[in-house]
Amino acid sequence: MNKIYFDHNATTPVLDEVFEAMVPFLKEQWGNPSSIHWAGRGTRKAVEDARESVARLLNCTPLEIIFTSSGTEGDNHAIKGLAYAKKDKGNHIITTKVEHPAVLNTCKHLQKDGFDVTYLDVDTDGLIDLNALKSAITPRTILITVMFANNETGVLSPIKEIGDIAKEKGVTFHTDAVQAAGKIPIDLQKLNIDLLTISGHKLYGPKGVGALFARRGVRLVPLIHGGHHERNRRGGTENVAGIVGFGKACDIALKDMDREITHLKALRERLEKGIAEKIPHIKVNGHLEKRLPNTANISFEFVEGESLLLNLDMKGIAASSGSACTSGSLEPSHVLLAMSLSHELSHGSVRFSLGKSNTAGEIDYLIEIMPPIVERMRSMSPLYAAAK
Amino acid sequence: MNKIYFDHNATTPVLDEVFEAMVPFLKEQWGNPSSIHWAGRGTRKAVEDARESVARLLNCTPLEIIFTSSGTEGDNHAIKGLAYAKKDKGNHIITTKVEHPAVLNTCKHLQKDGFDVTYLDVDTDGLIDLNALKSAITPRTILITVMFANNETGVLSPIKEIGDIAKEKGVTFHTDAVQAAGKIPIDLQKLNIDLLTISGHKLYGPKGVGALFARRGVRLVPLIHGGHHERNRRGGTENVAGIVGFGKACDIALKDMDREITHLKALRERLEKGIAEKIPHIKVNGHLEKRLPNTANISFEFVEGESLLLNLDMKGIAASSGSACTSGSLEPSHVLLAMSLSHELSHGSVRFSLGKSNTAGEIDYLIEIMPPIVERMRSMSPLYAAAK
Amino acid sequence: MYSEKVMDHFSNPRNVGEVENPSGTGMVGNPACGDIMKLTIKVENDKITDVKFKTFGCGAAIATSSMVTELVKGKDLTEAEKISNATVAEALDGLPPVKMHCSNLAADALHSAIEDYKKKQGAK
Amino acid sequence: MYSEKVMDHFSNPRNVGEVENPSGTGMVGNPACGDIMKLTIKVENDKITDVKFKTFGCGAAIATSSMVTELVKGKDLTEAEKISNATVAEALDGLPPVKMHCSNLAADALHSAIEDYKKKQGAK
Ligand SMILES: Cc1ncc(COP(=O)(O)O)c(C=O)c1O
Ligand SMILES: Cc1ncc(COP(=O)(O)O)c(C=O)c1O
């Protein structure tokens, strides 16, 4: 059976070049970058080279990059680190209802610790209201954290505008750019972002490595205290091979970005058009323009997402459900609910997230097999009969 | 030039078998373990298999293992996680003056946050006094954290006794076993340890992965909040390849342990005897019996450690200085100072930490080249002339 | 994640549909939870002679629905009433922990259908 | 970590030892810091005609000691007094940031030696 992968927002394959770049650091070059002897010198340089690659992707300076072990760690580091560093100035944080659990659960934790958190609503397109943001800011507001691109819908937040508001009000601005980095341009010279999180395995790098951009002058309480690593900002012996692979992946993402955007947009259009033509009662979720080029989030009325995913899986197609059902909770997608979708539609959503290696043929195969699957599941659904 | 590596406490090479075990998870098996489709199933299983390997090394259950990104993260998770979880019960923590910065700096951070920390003294052998520990415990004591084996000297703490005291007093006991794990047996069924930290790259696994043992029933506030990973105890997409390599390294460590202990003890004896015979004015630091089999920490009077290391490095020998000079601070070793060594002797210490692949020939080479180096450095030293 | 039996019942669900002129109908679950099951039964001489289901839900919800119809077909009402959600899960070689609650409602749907039948009988 | 020049002066240090019957002696640093430098100079006609050092310290400490002896040999006292720790670090193509303070004391040792010489002169 052909294996088709439409779940690039969950994770991406490691590119061959990335793997090749990592190999020496798992074989002969295994020294500790903190060592002053021969074994450490090459790895120290490799880590610093990778830092430059990450900085180049984001257009910042290498000194502003802190390597982490994941996007989740970066989000925790940025949000808790800023909150604790500024707790004498205020205790109010503003975020949105559609953030990733890495941000939401960090904010919930801070609430237990005496911080006030405002969770901004989004409209049916998945976008926050800038006026609502402005009026939420109080003299006690120390942090705004709003994601760059949503992982479920691909919807892009108005980052430039948020940054300008944050700067004007003197509030620190963090953005979770885990889904945006490598897929669309991010220029930290042009955006008023103070803290930005990215992750290696979402841009064809390895799992277990990420980076936090912290603009020069932004002070954070470390999340992981320890040795002098990362200029005292994050303790722990560096994941050298992972960092090197991540750097390589950033190089490639930057080089190929324009081409990939064109490629992915065309595929996504083909997918959404094909599905819409062949299957009634569907809804594409999220703002149709302000979106990542690779993400299509589609609700299939009257059927539940996981069932669709299992059926797709049996045909070799990997996709993902908006519903967190798959990861240990039975809640419907908090993102789609926040966009005012009904519970049924939220449960019935499927996320197709495309990537580098996907082809038009793969899309066509999906469009061919999907209608009978949906029809069969609908025929089993008590909601469908009721609706007809 | 021959390269000789005597710095295994800093980091170890990745074993060939470990590398081979990792490769599939950097090539074809790159799926996200949280995914329910084909791409995720194999990686989920691989992570759980590795968890069993780690549990086997420590003789605990896989459910008690939380994967982390480093020993440092594990120490932070255990100490902060326990402190915040129990802060209603008390705010007193007991540790020692000779812990790794991952523990010391975490404790220092907690002091700023309202916790009281007792730093126990050690004697000239590097051992704490159990009576001092007992009398330090108050009704407000919530945590004792004492390292299993010291990274600079290899000295082994009386873990069994500390665990018994902690249990009797109802205090949680954490131990940083980063240097002990894989080198000497650790049996969590026999020791009253509640929390224990280990790290992959110290036992021939990759960098960027570690584990925290948290005994069933011990509740921790997570350090990294996020998704449902690690049973809600640690957010972030798993470093699958790293975890798999770590598991493999644990398997091998367990299998080879007895043989390695014999091998390393013999080499270390040869080294210490050879140096003592050829070079006057030296001192082996730490308790001579209660020590890891692989570590020799030797002070060379009248000379500074880094100078010796640089000279050794020029001869292809990688070793490490007790002095933190090498890692961005100019303080002499806090461990040796706590053992009441003079500043001069603390600055003049060199740590030789041996490993699997070291040979008697390598030791003999060291013993051959070391005396003239020490003699030359001494002849340059104003302290030597004064002493003569 | 799912056992082979679950996947079998999910991919080849037994007794899908609605019994014509059912003796009893049970409907449980709600959209918030993500699972809705409708079970219709035909009862003759206190025996369940026919049973069909329609389910909106995840793999576990569909498999448990299918399994309960197999378990109950031809059974006396008193026997059928003894079938619990746990019985169904067991017959499927278990369910993932997160699925044990919300998506394991098929026996509830059955009991609700039997109750409906009894109510109708009482009303006659 | 270290520049080539530093490594050169570290592995082949110039002017190691003690000048016989020195005109002045400077000793700076302390064991806590990990660096102790002793500089002895011979002064003739206000010119430093000979200079030697002994140093307990790390690579940077030894290299700066060696470098300062090279810089100062044959210089007038007034010129020698102008040499600062920064001059020495520069002549070595720079030092790692952590080494800029504690291990960069060679010029201090020189000034201390010159002072010692002047004091002795004054006492005459
Ligand atoms: C005793 C001890 N604890 C903790 C650590 C930190 O481990 P890691 O380098 O994996 O963060 C080390 C090693 O550096 C260590 O020797
Ligand atoms: C928007 C967003 N933030 C954070 C994360 C967490 O990143 P990681 O998996 O590297 O911890 C993810 C991916 O899971 C994500 O999509």
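Between segment B:243-321 and segment B:73-106, what is the separation of their alpha carbon centroids in Å?
Taking the Cα centre of segment B:73-106 as reference, the centre of segment B:243-321 is 29 Å away.
Tell me the angle of helix B:71-85 to the major Cα principal axis of chain B, expressed in degrees between 0 and 90 and rounded to the nearest ten.
Around 60 degrees separate the two axes.
For B:PRO371, place a label point 7 Å out from Cα along the Cα→Cβ vector, do the same in each other copy, and report the separations in nm, one decimal, smallest first.
When each copy's label point is compared with this one, the spacings are 9.0 nm.
Please find, in a Gaussian network model of chain A (springs between Cα atoms separated by less than 10 Å), the residue of A:ALA211, A:ALA132, A:ALA85 whose mean-square fluctuation is greatest.
Highest fluctuation among the options: A:ALA132.
Work out how far the C-alpha atoms of the protein assembly as shown reach from end to end along every principal axis, then list the three figures in whole Å, largest first.
Result for the protein assembly as shown: principal-axis Cα extents of 131, 59, 52 Å.
Report, as an integer, the average count of C-beta atoms from other chains found within 10 Å of each Cβ along B:106-114.
Mean shielding by partner chains, rounded to a whole number: 2.
Taking neighbour counts of Cβ atoms within 10 Å as a proxy for exposure, in what order, fewest first, do A:ASP125, B:ASP251 appear?
Details: A:ASP125 15, B:ASP251 20.
Ranked by crowding around the Cβ, least crowded first: A:ASP125, B:ASP251.
Which residue in A is nearest the A/B rotation axis when you measure from the C-beta atom, and what is the distance in Å?
Chain A residue with minimal Cβ-axis distance: A:SER69, 2.
Once you order the gyration tensor axes a ≥ b ≥ c over the Cα atoms, which shape class does chain A get: rounded for a/c under 1.5, otherwise prolate or oblate by comparing a/b with b/c?
Working: a/c = 2.11, a/b = 1.32, b/c = 1.60.
Oblate.
In degrees from 0 to 90, rounded to the nearest 10, what is the angle of the helix B:305-314 Cα long axis to the longest principal axis of chain B?
With both axes taken from Cα atoms, the answer is about 90 degrees.
Restricting to bridges with both residues inside segment B:16-252, how much of the DSSP beta-bridge set is antiparallel, in percent to the nearest 5?
Numbers: 10 of 25 bridges.
Given both bridge residues lie in segment B:16-252, the antiparallel proportion sits at roughly 40 percent.
For chain B, modelled as a GNM with alpha-carbon contacts under 10 angstrom, which of B:SER199, B:SER70, B:SER342 fluctuates the most?
Greatest mean-square fluctuation among the candidates belongs to B:SER342.
Cut-off 10 angstrom, C-alpha nodes, Gaussian network model of chain C. Which of C:GLU70, C:GLU18, C:GLU79 fluctuates the most?
Its mean-square fluctuation being the largest, the pick is C:GLU79.
HN-Hα J couplings of segment A:12-18 from phi, Karplus 6.51/-1.76/1.60, θ = phi - 60°, integer Hz, Gly and Pro as x?
Values per residue, Gly and Pro as x: 10, x, 7, 5, 4, 4, 5 Hz.
With axes computed from alpha carbons, what is the tilt in degrees of helix B:159-169 against the longest principal axis of chain B, rounded to the nearest 10 within 0 to 90?
Long axis of B:159-169 versus the principal axis of chain B: about 50 degrees.
Checking the cross-link filter: which lysines have an alpha carbon closer than 20 Å to that of B:LYS112, excluding same-chain neighbours under 8 positions apart?
Candidates past the 8-residue exclusion: A:LYS80, A:LYS86, A:LYS87, A:LYS89, A:LYS112, B:LYS80, B:LYS86, B:LYS87, B:LYS89, B:LYS97.
What 222 nm value per residue comes from the helices of chain B, counting each DSSP H run with n ≥ 4 as -39,500 (n - 2.57) and dividing by all residues, nearest 500 deg cm²/dmol? Don't skip to the end; give the middle numbers.
Details: 13 runs with 162 residues, N = 388.
That calculation yields -13000 deg cm²/dmol at 222 nm.
Kindly state, to the nearest 0.05, the FRET efficiency for C:MET27 paired with C:THR78, given R0 = 22 Å and r defined as their beta-carbon distance.
Computed FRET efficiency for C:MET27 and C:THR78: 0.45.
Can you list the copy-to-copy distances for C:LYS118, using a point 7 angstrom from Cα toward Cβ, in nanometres, shortest first?
Ordered by distance, the counterparts are at 11.0 nm.
Roughly how many nanometres apart are two label points built 7 Å out from the Cα toward the Cβ at B:SER379 and A:SER342?
9.3
Rounded to whole Hz and in sequence order, give me ³J(HN,Hα) for segment A:100-110 from the Karplus expression 6.51 cos²θ - 1.76 cosθ + 1.60, θ = phi - 60°, writing x for Gly and Pro.
Using θ = phi - 60°, the values come out as 5, x, 4, 8, 4, 6, 5, 5, 4, 4, 5 Hz.
Give the aspartates and glutamates whose C-alpha is closer than 19 Å to that of B:LYS3, dropping any in the same chain fewer than 8 places away, or say none.
In chain and number order, the partners are A:GLU28, B:ASP16, B:GLU306, B:ASP313, B:GLU362, B:ASP364, B:GLU368.
Along Cα-to-Cβ, 7 Å out, sits the label point; list in nm, shortest first, how far the one on D:THR87 is from those in the other copies.
Result for D:THR87, in nm, nearest copy first: 9.9.
Quick one: Karplus J couplings for segment A:358-371, per residue in order, coefficients 6.51, -1.76, 1.60, θ = phi - 60°, nearest Hz, x for Gly and Pro?
After applying 6.51 cos²θ - 1.76 cosθ + 1.60, I find 5, 10, 4, x, 5, 4, 5, 4, 4, 5, 6, 8, 5, x Hz.
So for each of C:56-65, D:8-17, B:6-15 I average, over its residues, the number of other beta carbons within 10 Å; can you give me the resulting order with the highest mean first? Walk me through the intermediate numbers first.
On the way: C:56-65: 29.6, D:8-17: 17.2, B:6-15: 24.5.
Per-residue mean Cβ counts within 10 Å order the peptides as C:56-65, B:6-15, D:8-17.
Along the Cα→Cβ direction, 7 angstrom out, place labels at A:LEU130 and A:LYS273. What is the inter-label distance in nm?
If labels sit at A:LEU130 and A:LYS273, their model points lie 3.3 nm apart.
Each reported figure results from applying straightforward, stated rules to the coordinates on display, with no laboratory input. Small disclaimer: the values here were computed from a predicted structure and weren't measured. FYI the Cβ positions are ideal-geometry reconstructions off the backbone, even for glycines, and counts take in every protein chain you see.
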